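Working notes, structure below.
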């Protein structure tokens, strides 16, 4: 990429072109924190101007961030929320007090980060410009500092040890349940994956951990002992109760009991039994924030849990259900949800990345469908429909299987074969969910 001469301000479309030309945020990632550290230093270390929570783990990172952000907003704490990936607009990744960054402000910060990145290369401080995710992290942190937030909630992109978010040196780490995902990068065993996630733990931070498998728990405890940190474990004292199961609005309530408080009859803004684990972690982090002089009451925690929103995760729109179940644990959580609450016949639109465990995900989800439409999102990592077809069970009636070349064709095919009182489920990848939601916004 040819360096540009500054001063030069990119507009929003130019910003998107520049960032996406840096390569896919997964396939073009590089190991190490040096680029991000030097980039932040050249920016004047904006990350030092606010307290930071780094959320790592395999499943539930985005939901935990959503719960935490809603709790803090209920407590009138000025927050910055950095998440990935986005569904429709890249601006979804950076929110301040729940509002997405404007396209103008995004372009302003992106231009500044681009200028500094190219200057570092020109001065031979870096061999190459920072990657897409490294620059996105810097854009988010820069925007947060400029808006003088009090608390940054930062979702780890992938792993932990070499993720650019780790370079911000958060004061608090929140670790969600660890499972199998991105094995080609993080390792083939749960212990190896947990080791990459637990690598964010330092001696000068508070560590809050969700319930884990024995294997992951041992790794996390070992890391904590090595650096001399006593972890806080989110409560497992959760009682879940069914309240209603109207189509489109299934609901559960739960009681949480921690060492400090009791939270009775909690309505969660996010659907699914698995969300109670994520809520438990968010509660533990909120209670820990009190030690950092943030005033968060019990009622504000309850209100935040109730008002949390997370696009593309068990989200209904008319007779569409969107869920980015992109790994085995996510697929299991979706299947459990369907088993418990959905009685209507399901037309499933499925598309996924080829580096996922497609065989097991298909084995978990495909039997829930009456009709199956396989498609390919616009992503270089996406599996072709012919590849997905290999994972359809032998007993599945091939007359009820459709291959759609595009997501738009998949949606049109689903509408033709699905009655209004039946469900169209779009799942397998958040990239698929985002593309489908953008199409449906145009259609309706």
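The values are calculated or read from the model by the stated rules, or taken from the named source; none is laboratory data. In this text the structure is predicted, and so the values were computed from the model without any measurement. All Cβ positions, even for glycine, are placed from backbone atoms using ideal geometry, and neighbour counts span all protein chains on display.
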Fill in the blank from the handout: Exception for residue 100 within (1) more than 28 Å from residue 427 (Cβ to Cβ); (2) touching a helix residue (DSSP H, G or I) at 6+ places or on another chain (Cβ under 6 Å); (3) without any contact (Cβ under 8 Å) to a residue 40 or more places away in the chain falls at (1)
Practice task
With the condition kept exactly as written, say whether any residue in the range 148-160 is over 29 Å from residue 227 (Cα atoms) and either under 20 Å from the mean Cα position of the chain (by Cα) or at pLDDT 95 or above (or both).
Solution key: yes
Handout entry: Selection count, the range 35-83, where residues are on the phi > 0 side of the Ramachandran plot and buried (at least 19 other Cβ atoms within 10 Å of the Cβ)
Key = 2
Exercise for the section: Filter the range 276-306 down to residues that are under 30 Å from residue 343 (Cβ atoms) and touching a helix residue (DSSP H, G or I) at 6+ places or on another chain (Cβ under 6 Å), then give me how many there are. Expected result: 3
Handout entry: Flag if residue 407 is without any contact (Cβ under 8 Å) to a residue 60 or more places away in the chain and over 23 Å from the mean Cα position of the chain (by Cα)
Key = no
Practice task
Answer with yes or no whether residue 111 is touching a strand residue (DSSP E or B) at 6+ places or on another chain (Cβ under 8 Å), touching a residue at least 12 places away in the same chain (Cβ under 8 Å), within 18 Å of residue 40 (Cα to Cα) and buried (at least 19 other Cβ atoms within 10 Å of the Cβ).
Solution key: no
Problem - Residue count, the range 167-182 (criterion: in contact with a helix residue (DSSP H, G or I) (Cβ under 8 Å, 6 or more places away or on another chain) and either outside any loop (DSSP other than H, G, I, E, B) or not assigned by TED's automatic domain parsing to the domain that holds residue 275 (or both)) - result: 5
